[in-house]
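Enquirer: Sharing a structure here in structure tokens format.
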Amino acid sequence: MEELEEEEAPMTIPDLFTCPISLDLFTDPVTLSTGQTYDRSSIEKWLSAGNLTCPVTMQKLHDPTTIVPNHTLRHLINQWLQLGHHFHSHYFTTTVDSLHTLKLNLQSPQVTTQTKIQTLEKILILSKESPSSSCSCLVQLTGFLPLLLELLFDKVVESKLSDDYIQFVEKALSCLMNLLPLGQMECLNMLLNDHDSKMESLVALFEHGITITSKIIIKSLCNLVEAISTSVETKELCSSLGRNQRILHNIVSLVQHNSYEAADPGIKALSALCSSESNRENLVREGAIKGLITYISNAESHENSLAPIAIARIEQLLGLESAKVALINHPNGVKVVVKMIFKVSDHEGSESAVNSLMSICCDSLQAREEAIGGGVLTQLLLLLQSQCNNRTKTKARMLLKLLRSKWIEEQNHV
């Protein structure tokens, strides 16, 4: 009996790998701010024809010139091409269909909150896989990131939240923060749309998280603020956060929280917002100096605290006259900074503390008197005898010289 030669079936291109405009296999996939991906040549033709909308969603493009290479999709296509006939497209089709079902569960108003929570748990498991794994790539590519943003911020947050809804928000935020490093940061710019209604939802969730002390909500939203503030793709959104009084107030209140599990995420968010110079005056106005001083005071009993980051932010903010006034007028402000000069365990933060005192002691007799009363001379001498770096020692000598010269001036005027 003759063996029948098995003919290789032609490769079927998965729909996920075809451009919605040309319907051909992607050669250079790029993503718009709407989260939709197109082949570069196809979308450039669309935009050059004067179209200012996304071809699939028909949403108006926030920035039509911003198209970002979709490296994840390119990686997945290359992986599929390398496997060729040894890896049937049925795998991708089945996986995408399964993910599509999960999306429908989240989108449907008929699905119960508990079922949506279970759906989010499945997505959370998939999103925790290696970033280069097929499943993790597919979760990103099937549009879960924009969907999660809509679910979280596209509705008015009620004044009182049910336990089920709190659990849903916590799961959705966990999924969002897992997917964000894999996804396109420009998706976050959707928070700028719709007359600030989405920003209002973000603020409301922040306030609820603080009220009920939800560690997941607090940490996730602070991490979101940090991600927005450190990405070049969300500069305008970072500025918008910096103008939002309630956002800044909530972050400063977190920094002063007596639990480091709430305060540490707050420090990271505040620190990230400080990266934009335009945000600093508003942060000082909302009490950032007081918050940072309180954090450093509370951190004395917390071994792995972020006090060095806090004192570095104080140093940065002291470029503003309003921050100098706030620090000098704080009952314990100068003394707390003095204590940061020398610590037996490490010298992290010493240079920022010295620089901060240089900044305020130069022109303020009150600051000099409080610094001397707080033991600045002893702290500086201990620092000079320590193993800290030469630059920090040079700064310490400069501060000692400044205090001595100002003291001589004052004596001559007596």
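Enquirer: If I go through segment 40-69 residue by residue, how many of them are open to solvent by 60 Å² or more (accessible area, probe 1.4 Å), of a type in the set (G, A, S) and assigned to a loop (DSSP other than H, G, I, E, B)?
Expert: Qualifying residue count for the region: 1.
Enquirer: (1) part of a loop (DSSP other than H, G, I, E, B); (2) over 17 Å from I314 (Cβ atoms): which one isn't true of W407, the others all being true?
Expert: With respect to (1) part of a loop (DSSP other than H, G, I, E, B); (2) over 17 Å from I314 (Cβ atoms), W407 is out only on (1).
Enquirer: Now for a separate question. Among the numbered conditions (1) open to solvent by less than 40 Å² (accessible area, probe 1.4 Å); (2) farther than 21 Å from K324 by Cβ, tell me where L380 comes up short.
Expert: That leaves (2) as the condition not met.
Enquirer: If you don't mind, another one. Those residues that are touching an Asp or Glu at 6+ places or on another chain (Cβ under 6 Å) and open to solvent by less than 30 Å² (accessible area, probe 1.4 Å), I need them from segment 218-249; list them, please.
Expert: Of everything in segment 218-249, just one residue is touching an Asp or Glu at 6+ places or on another chain (Cβ under 6 Å) and open to solvent by less than 30 Å² (accessible area, probe 1.4 Å), namely L248.
Enquirer: Which of the following residues is more than 13 Å from the chain's Cα centre (by Cα) and under 26 Å from E186 (Cα atoms): S240, S220, S253?
Expert: Answer to the check: S240.
The values are calculated or read from the model by the stated rules, or taken from the named source; none is laboratory data. In this text the structure is predicted, and so the values were computed from the model without any measurement. All Cβ positions, even for glycine, are placed from backbone atoms using ideal geometry, and neighbour counts span all protein chains on display. Remember, those area values only see protein heavy atoms, side chains included, never the ligands or the DNA or RNA. Shrake-Rupley method; radii C 1.70, N 1.55, O 1.52, S 1.80 Å.
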